[in-house]
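One structure is given below, encoded as structure tokens.
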Amino acid sequence: VKRSKVSGNAEAYQQQSFEIARAQFGMETALRRAVEDGSMRLTFQPICDLGTGRIVSFEALARWTDEQGQAHPPSAFIPVAEESGLIVPLGRWAIEEAARTLASWDAAHGGDCGVKLAVNLSAIQLQRDAIAPVVERALARRGLEGRRFTLELTESALVSDPDRIAGIMHALKGLGTTLAMDDFGTGYSNLAYLQKLPIDILKIDRSFVTGMLADRDKIAIVRAILSLAQALGMQTTAEGIESNELGQTLAALGCTYGQGFVYARPLEAADAYAMLVDRH
Ligand code: C2E
Ligand code: MG
Ligand code: MG
Ligand code: MG
């Protein structure tokens, strides 16, 4: 039987989709075990007050090295976790692990070590899990006050059921936590939500910060975000600061906090605590 070109392509396409599905399934299976066997861990990147240089918080960033010793970036495994629903146990683990780490730093310090931990919450996780009680229990188990946590959400969380997400955000605020809008400027364009929701911090996406000094359009966008935040009584964090000059410029423009490789890369917990002790 002579195959037509079209059906040959369809077969190739089907074969390719199958390979992708199999690779995803393989990653899913490994990912499912990772949370349990300890091959998933958190790293911590400092967020500094751009005025004083003090470390105010650390963002908890997940890292995964599989059984073959292969490291996978979050940009590879978070989407797989979201599609498979594994983001719920992974997200709960990140909240627990962040609370455990912060409590261990407090214990080493002999009291409140003086920083908050920022934990990322995925939009899918917010849809599928009861986050406020999960956060409340994790804090309570470690004897931590709510003000010690910042929760980072993205605009995509607001797309599907904004009323439900608003309820969750108010519940999280009720615990005393800080709420940050992550990757601000890259998502949803209806800004009306900003005045309705209890957001404390806008995190200016790295794409506007990188190369900002040589790009008038990026500076214009950053200035607009800073003045929007100021008008709404919110603080700001710039991500992706890779030079001192960039940090100084952002401070002069009125940005509150900064995060980036010039201050530190994401660090292992012990190294993050050592940096904190060294700086305070
Ligand atoms: P994000 O929340 O926007 O985190 C900031 C990302 O920017 C991190 O990438 C960090 O390593 C990177 N970064 C910080 N400073 C610089 C810099 O100066 N230059 C450059 N080039 N990059 C910088 P990472 O750790 O690869 O995480 C990527 C994304 O994965 C995060 O973006 C977040 O959306 C997601 N993610 C990471 N951990 C978790 C987690 O535990 N839960 C959830 N839901 N998402 C997570
Ligand atoms: Mg984040
Ligand atoms: Mg971010
Ligand atoms: Mg980002």
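For residue 180, state whether it is within 16 Å of ligand 3 (Cβ to nearest atom), under 19 Å from the mean Cα position of the chain (by Cα) and either closer than 25 Å to residue 116 by Cα or assigned to a strand (DSSP E or B) (or both).
Here the answer is yes, as residue 180 does meet what is asked.
Give me the residue from the stretch 143-167 that is open to solvent by 60 Å² or more (accessible area, probe 1.4 Å) and in contact with a Ser or Thr (Cβ under 9 Å, 6 or more places away or on another chain) and, out of that set, modelled with the lowest pLDDT.
Step by step, filter the stretch 143-167, then rank; the result is 156.
Looking at the stretch 32-55, which of the residues that are within 16 Å of ligand 3 (Cβ to nearest atom) and crowded, with 20+ Cβ neighbours inside 10 Å is farthest from the chain's Cα centre (by Cα)?
Step by step, filter the stretch 32-55, then rank; the result is 48.
When you go through (1) surrounded by 12 or more Cβ atoms within 10 Å (Cβ to Cβ); (2) farther than 13 Å from residue 208 by Cα one by one for residue 233, which number turns out not to apply?
Every listed condition holds for residue 233 apart from (1).
Which count do you get for residues in the stretch 204-221 that are open to solvent by less than 50 Å² (accessible area, probe 1.4 Å) and either within 15 Å of ligand 1 (Cβ to nearest atom) or in contact (Cβ under 8 Å) with a residue 60 or more places away in the chain (or both)?
Number satisfying all stated conditions: 6.
Might you check whether a residue that is under 27 Å from residue 204 (Cβ atoms), open to solvent by 20 Å² or more (accessible area, probe 1.4 Å), in a helix (DSSP H, G or I) and within 16 Å of ligand 2 (Cβ to nearest atom) occurs anywhere in the stretch 123-132?
Step one: list which residues in the stretch 123-132 are under 27 Å from residue 204 (Cβ atoms), which gives 123-127, 131-132.
Those still in the list that are open to solvent by 20 Å² or more (accessible area, probe 1.4 Å) too: 124, 127.
Applying the additional criterion that residues be in a helix (DSSP H, G or I) yields 124, 127.
If we keep only those that are within 16 Å of ligand 2 (Cβ to nearest atom) as well, we get 124.
Yes, the stretch 123-132 contains a residue that is under 27 Å from residue 204 (Cβ atoms), open to solvent by 20 Å² or more (accessible area, probe 1.4 Å), in a helix (DSSP H, G or I) and within 16 Å of ligand 2 (Cβ to nearest atom).
Counting only residues that are over 10 Å from residue 175 (Cβ atoms) and over 17 Å from the mean Cα position of the chain (by Cα), which one in the stretch 135-152 is nearest to ligand 4 (Cβ to nearest atom)?
Result: 138.
With respect to residue 56, determine if the residue is in a strand (DSSP E or B) and farther than 23 Å from residue 157 by Cβ.
Working: in a strand (DSSP E or B): yes; farther than 23 Å from residue 157 by Cβ: yes.
Judged against the criteria, residue 56 is a match.
Might you check whether a residue that is within 27 Å of residue 107 (Cβ to Cβ) and part of a strand (DSSP E or B) occurs anywhere in the stretch 151-174?
yes
Test residue 207 against the stated conditions and say whether it is of a type in the set (Gly, Ala, Ser) and within 12 Å of ligand 3 (Cβ to nearest atom). Lay out the reasoning, then the answer.
Details: of a type in the set (Gly, Ala, Ser): yes; within 12 Å of ligand 3 (Cβ to nearest atom): yes.
The answer is yes for residue 207.
The values are calculated or read from the model by the stated rules, or taken from the named source; none is laboratory data. Please read these numbers as outputs of a predicted model, since none were measured by experiment. For neighbour counting, all protein chains shown are included, and Cβ atoms are generated from backbone atoms with ideal geometry for every residue, glycine included. Note: accessible area is taken over every heavy atom of the protein model, side chains too, but ligands, DNA and RNA are not part of it. Shrake-Rupley method; radii C 1.70, N 1.55, O 1.52, S 1.80 Å.
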